[in-house]
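The next block holds one structure in the form of structure tokens; read it before the comments.
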Amino acid sequence: MSEKNKNYYALLMAGGVGSRFWPVSVESYPKQFHDMLGTGETLLQKTFHRLAKLVPEDQILVLTNSKYNALVKEQIPQIAQKNIVLESAMRNTAPCILLSALKVEKENPDAVMIVAPSDAWIEDEDAFVCDLQIAFDASQEEDVITTLGIKPTFPNTGYGYINYDQSDSAFAKAVKRFTEKPDYPTAKQFVESGDYLWNAGMFIWSAQTVLNGFKAHLPEMYTLFANGIPVYNTPDEQAFINQYYPDAENISIDYGIMEKHKQVKVVPATFDWNDLGTWGSLYEKMDKDQDENAIINAKVITSNTSGTIIRTERDKVVVVDGLKDYIIVEKEDVLVIVPKSKEQDIKEIRNAVQSKFGSNLG
């Protein structure tokens, strides 16, 4: 390990349930633990190995729900139990990030860290490592929070946007403001202006900087978790989390810290990125056949069918005739066939199925 890398840490967020990828992603086995693209690695494994290109493996923490502890250990067998941060209640991103930052700061007061979601797809991992190095350098040298921003390719209303200073000559450029998920006309205006990047939810900061941010902007939460400093990284840690974590405010790091912090910078990413939030976003990343169909696991015969994603149990034979721009997904005793235009309704479809046929269906 180089002298520089010994201070690098990563917080890998892996607690979501990925409800828009139902029926493959279910609460007991969410999407981050699946090989969604058929690459041979789950999204969690892929993200862990990508971060390990710059961050020492034993300094990567996985933040997840207590019910997924066994899944994390099964998929990343080299991870120490103390590096699996187990939430005892479903909360937003701020509480688990604060808890992890306190654990890391106790171990290494000079730490700089990245917070990264476990379910994003990044093709060019070498470019990611280069951009992350720039962000680490900026966060180590100054009292700033740095984020990685993605150049938007269309007016997506499902992402947050970062307004930044294009004239800033530094690699890590000054951020003017954050905007949460705008409506379509606003998103279109943002993209056309060229002054906005997508917020990919990847934040880089020193442990001292982010903890100071919590002291200033979420003091009650800081006090709650600071009480656990004596037991962090010890066998008594989980008992403290189980008792006090449910008392934490349910708030995102974006609202709680990022939008209020005075010194925020963004590195415009040189890598491609997809947050893999829906079946449609997964379709965009898949290789396609001559009719622009994306096939995962299945053996297919198609006729008059195009722009469709088909995912089944491995080696199932599927015959499709006369569908355009559809999602066809099978998992055990559930088969879903819906237009891609309805991909945002998958969560509601799941709820309707559970209501009619029982909650054991995801």
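The values are calculated or read from the model by the stated rules, or taken from the named source; none is laboratory data. Keep in mind the model is a prediction, meaning the values are calculated, not measured. Neighbour counts run over all protein chains shown; Cβ positions are idealised from the backbone, glycine included. The area values use the complete protein model at the heavy-atom level, side chains included, leaving out ligands, DNA and RNA. Shrake-Rupley method; radii C 1.70, N 1.55, O 1.52, S 1.80 Å.
Under the rule of -39500 (n - 2.57) per DSSP H run of 4 or more residues, summed and divided by the residues of the chain, what mean residue ellipticity at 222 nm is obtained, to the nearest 500 deg cm²/dmol?
When only DSSP H runs of four or more count, the value is -8500 deg cm²/dmol.
Would you mind checking the pairs K46/K340; K288/K340; K46/K288; K31/K347; K285/K331; K299/K342 and listing those with alpha carbons more than 18 angstrom apart? Spell out each step's value before the answer.
Working: K46/K340 26 Å; K288/K340 16 Å; K46/K288 22 Å; K31/K347 14 Å; K285/K331 21 Å; K299/K342 25 Å.
As for pairs spanning more than 18 Å Cα to Cα, those are K46/K340; K46/K288; K285/K331; K299/K342.
Compute the Kirkwood hydrodynamic radius of segment 268-362, taking the inverse of the mean of 1/r over all pairs of distinct Cα atoms, and give it in Å to one decimal.
Working: mean 1/r = 0.0695 Å⁻¹.
Answer for segment 268-362: a Kirkwood hydrodynamic radius of 14.4 Å.
For the pair Y29/E74, report the inter-label distance in nm, with labels modelled 7 Å from Cα in the Cβ direction.
Placing both labels 7 Å along Cα→Cβ, they lie 0.7 nm apart.
With point charges of +1 on the Cβ of Lys and Arg and -1 on the Cβ of Asp and Glu, referenced to the Cα centre of the chain, which listed residue (T302, Y9, F240) lies farthest in the positive direction of the dipole?
Toward the positive end, the furthest listed residue is F240.
Given the Cα-Cα distance of I229 and N304 and 0.36 nm per residue of separation, how much length would full extension add, in nm? Walk me through the intermediate numbers first.
Numbers: separation 75, 0.36 × 75 = 27.00 nm, distance 6.21 nm.
Contour length minus Cα-Cα distance gives 20.8 nm.
Just the number please: accessible area per residue for the chain, 1.4 Å probe, all protein chains included, in Å².
Roughly 44 Å² per residue, with all protein chains present.
Once you put a point 7 Å from the Cα of K340 and another 7 Å from the Cα of K316, both along the Cβ direction, what distance in nm separates them?
Result: 2.1 nm between the two label points.
Test of understanding: express the Cα radius of gyration of segment 160-231 as a ratio to 2.2 N^0.38 Å, with N the residue count.
Rg over 2.2 N^0.38 Å, computed on Cα atoms: 1.49.
When the Karplus curve 6.51 cos²θ - 1.76 cosθ + 1.60 is applied with θ = phi - 60°, which whole-Hz ³J(HN,Hα) does each residue of segment 218-230 get, with x for Gly and Pro?
For segment 218-230, the Karplus curve yields 9, x, 5, 5, 4, 4, 4, 7, 5, 4, x, 3, x Hz.
Show log10 I(q)/I(0) for segment 1-78 at q = 0.12, 0.15 Å⁻¹, two decimals, from a solvent-free Debye sum over equal Cα scatterers.
Values, matching the q order: -0.36, -0.54.
Express in nm, to one decimal, how much length is gained between S66 and Q189 on full extension, taking 0.36 nm for each residue of separation and deducting their alpha carbon distance.
Extending this stretch completely gives an extra 40.1 nm.
Please identify, among E332, E249, E142, the residue showing maximal mean-square fluctuation in a Gaussian network model of the chain using a 10 angstrom Cα cutoff.
It is E332.
Taking θ as phi - 60°, what are the ³J(HN,Hα) couplings along segment 80-88 by the Karplus curve (6.51, -1.76, 1.60), each to the nearest whole Hz, with x for Gly and Pro?
The phi angles translate into 7, 4, 5, 8, 9, 8, 9, 6, 8 Hz.
Quick one: grab the alpha carbon gyration tensor of segment 104-183, order the square roots of its eigenvalues as a ≥ b ≥ c, and give me rounded if a/c is under 1.5, else prolate or oblate depending on whether a/b is larger than b/c.
It is prolate, given that a/c is not under 1.5 and a/b is the larger ratio.
I want the antiparallel fraction of DSSP beta bridges within the chain, as a percent rounded to 5.
Details: 26 of 57 bridges.
DSSP beta bridges in the chain are roughly 45 percent antiparallel.
Would you please state the base-10 log of I(q)/I(0) at q = 0.22, 0.27 1/Å for segment 200-259, with intensities from the Debye formula using one equal scatterer on every alpha carbon?
Result of the Debye calculation: -1.00, -1.19.
Write out the trypsin sites (Lys or Arg not before Pro) in segment 47-153 meeting two conditions: DSSP loop, and at most 15 other Cβ atoms within 10 Å of their Cβ.
K53
Could you let me know the centre-to-centre spacing of segment 117-154 and segment 45-61, using Cα atoms, in angstrom?
Result: 14 Å between the Cα centres.
Quick check: net charge around G213, other residues with Cβ under 13 Å of its Cβ, Lys/Arg +1 and Asp/Glu -1?
Residues close to G213 contribute a combined charge of -1.
Measure nothing fancy, just the Cα-based angle from helix 346-357's long axis to the longest principal axis of the chain, in degrees from 0 to 90, nearest 10.
70 degrees
Hey, rough spin-label estimate for N108 and Q243, points 7 angstrom out along Cα→Cβ, what's it come to in nanometres?
Rounded to a tenth, the inter-label distance reads 3.0 nm.
Please report the accessible area of E192 (heavy atoms, 1.4 Å probe, ligands and nucleic acids excluded) in Å², nearest 10.
That residue has around 130 Å² of solvent-accessible surface.
Under unit Cβ charges (Lys, Arg +1; Asp, Glu -1), what dipole magnitude, rounded to 20 debye, does the chain have relative to its Cα centre? Let's see the in-between values first.
Working: 36 positive and 51 negative charges, 111 e Å.
Its charge dipole is roughly 540 debye.
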